[in-house]
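Just so you know, all these numbers are worked out from the coordinates, no wet-lab data involved. Just so it is clear, the structure is predicted and the values come from calculations on it, not from any experiment. So basically every Cβ, Gly included, is an ideal-geometry build from the backbone, and we count neighbours across all protein chains shown.
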Amino acid sequence: MKRRRFLALTGGGLLLVGTGGLLWRVGSAPEPATFGVHLGALARDMSGAAVIGRAWLNANEGSEPKRELIEELALDPNDEIEYDTFVERLAQRVERDFEAQAILEHDGWWLSETEARLAALHVALLGFEASEPAEPGFEQSREGRLVRVRDQNPGSAKRGEPLTHPTLPDNVLSFRTSRRPPNRLMLVVEGHQRPISAGAEGFSVTLNDAALAAIARAGDEVDLWLYDPVAQRRQMVGTLLLEEPAGNEDGFCKPTDWGARATRAGEAFNEQPDGSAAFWIQARCFPEQTVVVFDNVELPTTLQPDEGLITARLPDPTLYARPGEYRIELLDRDSGAAQLVGDFTVHE
Amino acid sequence: MIEDIRQALDDGDTASFDIVVAGAGPAGMSIALALRGSGLRVAVLEAGGRTHPDADELRLYDGEVTGLPYPLGASRQRFFGGTSNHWGGWCRPLDAIDFQARDWIPMSGWPIGEDDLAEWYRKAAEILEIGSSDYKFDGHAGGHVLPARSDSGFRNQLFRFSPPTRFAQRYAEALESDPDTTVFLHAAVTGIEHDNGRVRSLSVRTLEGLSYSIRAQQFVLAAGGLEVPRLLLHTESASVPALGNQSGWLGRCFMDHFGYFPGYLMTRADLRYHQFEGRDGEIMPVLAPSESLMARERLNNFCITLTAVEPDSVWPPEALATPGLARGTDGEVWRYRLQLINEPRPNQDSRLTLSDERDELGLRRLQLHWAIAEPDLESIERLLEALGLWVGSAGLGRLQLTRPINPENTEQFSGGLHHMGTTRMSRDPDRGVVDPDCRVFDTDNLYVASSSVFPTAGYANPTLTIVALALRLAEHLRGERT
């Protein structure tokens, strides 16, 4: 750290948000122009640079970012140059900043002084208000086409059970598309965003427990959205039809949700009036003689079949006194059949 | 055969074998597997049973922790198969530099080298059911990794994955059916009987109070990186140091790969520093410093994983995508969470000792003082600085350090639960506990098969190296017989 020449900007509360657009990689002046014209065009077209630009201007009162940039890049502002040459010069300067450790540090970001000045020029040109971006997010994004979807697998699922398809691992949704989608896209399902794994002919998504639990609680049909957080665009790419489960041959439906999932050693969780800790488990069906088993210990269990709810108390705090992973299962005391719920974590 | 010692032997019985292995985890079971067909009668002593122990049995691992917080009981599996019952399957050999003496890391350097283990790494890969032993990073992730040129200071490395092999399920039948192998369950070793540098027998007790004596010609301690030094420390008497502690190193230099999340990296949008199915099995690329950077900046070894996360609003991807700011990214950038897996330096002050309190088997409980040395933290700072300057100067992206190192904030660091270093391997009895054959110094016939023999730790998860060393030791034991 000692060698770095940091310009630390400490303007707190600068958590404005950046936004993008499909034009964020274009916005260039293709014709030869003076250096000053190129610089202005580039700074004007920047997206998401407002926070850094405003911080720079606040910390450097009287700063003239355009003049400083021209001096830094050592060019005559009136010389005409190709746009690509201008960009090349800028890139070299930015990279040289890092080699020379001419770095600005802000909210943890290590940025080149040159790019910070460029952000400042962006704000100076557009004004403090104009450069303030809108709040981004899935809900605010515009609908539009991101990919052309050819097919989707699976198209349906049994409620509360893993997503299955003969050609896919469990809980994976796969989409075939006409071209490779960018990796930054997210699949949004019932409010849960999941990263996609893109390939030449489409993409797949592994659903996590939270997304699966949300699907299990949904109506008969779940909309599947693709979201581009950079372009702020979304597209509905399919639906998942939900079928009601019949329960397995032992009479258990797979639990759709459960809690608590973790505690600290010795610390009661979901504390009950008597001071004991407690689990809750949602499952659409289970045998009449079901008990919850925690780390091979049967727990006092209450069944509410109409609600699809099972609760169990852990009156003995020594059960969760030691760090580790502990298995939770449902046991049918009549048949001895068991249904896995999940692993409970006791942290140190 | 696999037997419950409580049924196989009568209280007070003595049983004799050629070789006794204390511990039926990946190390102990690998030795037993490798000795099949040798004509040697082998006993494997497993302290637990076939299934997860109950709370009473786990209390045997209680101990006292000073220094950095450390969950002594976590990750220890006191039943047949040991830690293979829950490991994640991450595999990678140690790097060449990990074996070398590095003048910037005191007490570094193994007495054996990469070449000495190469054959055993290949055999270990078979035991651990890894598809390939090729760890060269050779286009495995296509273009989906950072282009770490030779002068960049960084390189891409590869982890491979065991299924993960659960030794109890995978190899129980092989040991059960071997006529020369006996696995005793519920057989906790509580003492090492020895005289004149020769171990005569191991004392075994059960929680019910039954006791046995198991005699052999050769003995291997393979009970994990905490129990092995614990058993050795118990051999100390008023007049004689503990076995292997002739120079005071037994229990010292406790090491664990400690994790640290320093912040984020904004870089190319299509990176795949995560586990995926490669052309020859599951792989995971990681980013690591080059040997030249380690030497120049006097760094420990590290690896870095990157996980895609939401951008922040201060410097979002579209800002960096401005033409000219990051020309090495093709304009599509994304934000990744950085996770460091750090090599700790051997540190004498990080050590295991015995407390005065005894457990239900009569063994003194462990006392761990876990410490991370200040140079380890300084090394992290230099690594991150090099990373930030590299990605910036190469037009590859930007570093965001949101969690600067604070030595006072111990919650910043988490252990990987890899217990290493407390029975260091050395060529010199004044600088270690075991020799290059893993034989405890000043003994004829007592060996250690455990990550506790690692003099330095690298960043790779230890199981592959543990099994490689165990197989090498098995070969040595066969040779000793002839």
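Need one number: nm distance between label points at A:Asp209 and B:Gln348, each 7 Å from Cα along Cα→Cβ, rounded to one decimal.
Distance between the two pseudo-spin positions: 4.6 nm.
Under a Cβ-Cβ cut-off of 13 Å, what is the net charge of the residues other than A:Phe175 that fall near it, where Lys and Arg count +1 and Asp and Glu count -1?
Values: positive: A:Arg148, A:Arg150, A:Arg176, A:Arg179, A:Arg180, A:Arg194; negative: A:Asp151, A:Glu201.
Net charge in that neighbourhood comes out at +4.
Can you compute 3J(HN,Hα) from phi for each residue in the stretch B:13-27, using the Karplus curve 6.51 cos²θ - 1.76 cosθ + 1.60 with θ = phi - 60°, rounded to whole Hz and x for Gly and Pro?
Using θ = phi - 60°, the values come out as 5, 10, 10, 10, 9, 7, 9, 10, 10, 8, x, 10, x, x, 5 Hz.
Between helix B:463-481 and chain B, what is the angle of the helix's C-alpha long axis to the longest principal axis, kept within 0 to 90° and rounded to the nearest 10?
40 degrees
Is the stretch A:257-347 rounded, prolate or oblate when judged by the Cα gyration tensor, a ≥ b ≥ c being the square roots of its eigenvalues, rounded requiring a/c under 1.5 and prolate requiring a/b larger than b/c?
Taking the square roots of the gyration eigenvalues as a ≥ b ≥ c, the stretch A:257-347 is prolate.
What are the extents of the Cα atoms of chain B along their three principal axes, listed from largest to smallest and rounded to whole Å?
Principal-axis extents of the Cα atoms in chain B, largest first: 80, 45, 41 Å.
With charges only on Cβ, +1 for K and R and -1 for D and E, what is the dipole size of the stretch B:258-376 about its Cα centre, in debye, rounded to 20?
So the magnitude is around 260 debye.
Tabulate in residue order the Karplus-calculated ³J(HN,Hα) for the stretch A:305-312, using 6.51 cos²θ - 1.76 cosθ + 1.60 with θ = phi - 60°, rounded to whole Hz; enter x for Gly and Pro.
x, 5, 8, x, 10, 10, 10, 8
Quick one: Kirkwood hydrodynamic radius for the stretch B:351-482, alpha-carbon pairs, angstrom, one decimal?
Evaluated over the stretch B:351-482, this radius sits at 18.4 Å.
Return, ordered by residue number, the residues of the stretch B:107-137 whose backbone nitrogen is under 16 Å from a label point located 7 Å along Cα→Cβ of B:Ala174.
Of the residues in the stretch B:107-137, B:120-132 have backbone N under 16 Å from the label point off B:Ala174.
5 Å is the cut-off here: which amide hydrogens, built 1.01 Å from N in the peptide plane, fall below it relative to B:His144, excluding neighbours closer than 5 in sequence?
Sorted by chain and number, the residues that satisfy this come to none at all.
Would you work out which of A:Thr290, A:Ala74, A:Ser276 lies farthest towards the positive end of the dipole of chain A, given +1 charges on the beta-carbon of Lys and Arg and -1 on that of Asp and Glu, about the Cα centre?
It is A:Ala74, whose Cα lies furthest towards the positive end.
Please work out the FRET efficiency for the pair B:Ser211 and A:Arg333, using the Cβ-Cβ distance as r and a Förster radius of 41 Å; give the result to the nearest 0.05.
Values: r = 39 Å, r/R0 = 0.94.
It comes to 0.60.
Of the candidates A:Asp151, A:Asp334, A:Asp97, which one comes out as most mobile in a Gaussian network treatment of chain A with C-alpha springs shorter than 10 Å?
A:Asp334
Enumerate the calculated ³J(HN,Hα) couplings along the stretch B:113-129 in order (Karplus 6.51 cos²θ - 1.76 cosθ + 1.60, θ = phi - 60°), each rounded to whole Hz, writing x wherever the residue is Gly or Pro.
x, 3, 5, 5, 9, 3, 4, 6, 4, 5, 5, 5, 4, 5, 4, 8, 6
Out of A:Val341, B:Phe167, B:Tyr61, whose Cα points farthest toward the positive end of the dipole of the protein assembly as shown (charges: +1 Lys, Arg; -1 Asp, Glu; placed on Cβ)?
Comparing the listed Cα positions along the dipole, B:Phe167 ranks first.
Treating the beta-carbon of each Lys and Arg as +1 and of each Asp and Glu as -1, no other charges, what is the dipole magnitude of chain A about its Cα centre, to the nearest 20 debye?
Details: 35 positive and 55 negative charges, 153 e Å.
Dipole about the Cα centre, nearest 20: 740 debye.
Given N residues in the stretch B:65-179, what is Rg(Cα) / (2.2 N^0.38 Å)?
So the Cα radius of gyration is 1.38 times the expected 2.2 N^0.38 Å.
What shape does the stretch B:103-262 take by its C-alpha gyration tensor, where a ≥ b ≥ c are the square roots of the eigenvalues and a/c under 1.5 counts as rounded, a/b above b/c as prolate, and the rest as oblate?
Numbers: a/c = 2.61, a/b = 1.57, b/c = 1.67.
Since a/c reaches 1.5 but b/c is at least a/b, the shape of the stretch B:103-262 is classed as oblate.
Can you return the aspartates and glutamates within cross-link range of A:Lys254? Criterion is Cα-Cα under 13 Å, with same-chain partners fewer than 8 residues away left out.
Here the aspartates and glutamates satisfying the reach criterion relative to A:Lys254 are A:Glu161, A:Asp209, A:Glu244, A:Glu329.
Dipole magnitude of chain B about its Cα centre, charges +1 at Lys/Arg Cβ and -1 at Asp/Glu Cβ only, in debye to the nearest 20? All intermediate terms of the calculation are to be shown ahead of the outcome.
Working: 46 positive and 66 negative charges, 146 e Å.
My answer is approximately 700 debye.
Once every Cα of the protein assembly as shown carries one equal point scatterer and solvent is ignored, give the base-10 log of I(q)/I(0) from the Debye formula at q = 0.05, 0.10 Å⁻¹, two decimals.
Values, matching the q order: -0.33, -1.18.
Suppose R0 equals 35 Å; then what is the FRET efficiency for B:Gln339 and A:Ala218 from their Cβ-Cβ distance, rounded to the nearest 0.05?
Once the sixth-power term is evaluated, E becomes 0.60.
Taking R0 as 56 Å, what's the FRET efficiency between B:Asp115 and A:Asp316 from their Cβ-Cβ distance, rounded to 0.05?
It comes out at approximately 0.55.
May I ask you to list the aspartates and glutamates whose Cα is less than 19 Å away from that of B:Lys136, ignoring any residue fewer than eight positions away on the same chain?
B:Asp95, B:Asp98, B:Glu114, B:Asp115, B:Asp116, B:Glu119, B:Glu126, B:Asp151, B:Glu277, B:Asp280, B:Glu282, B:Glu291
Positive end of the charge dipole of chain B (Lys, Arg +1 and Asp, Glu -1 on Cβ, about the Cα centre): tell me which of B:Gln217, B:Pro407, B:Leu384 has its Cα farthest that way.
Farthest along the dipole direction, towards plus: B:Leu384.
Have a look at the stretch A:140-243 and give its Rg and Dmax from the Cα atoms, expressed in angstrom.
Both quantities, over Cα of the stretch A:140-243: 12.8, 37 Å.
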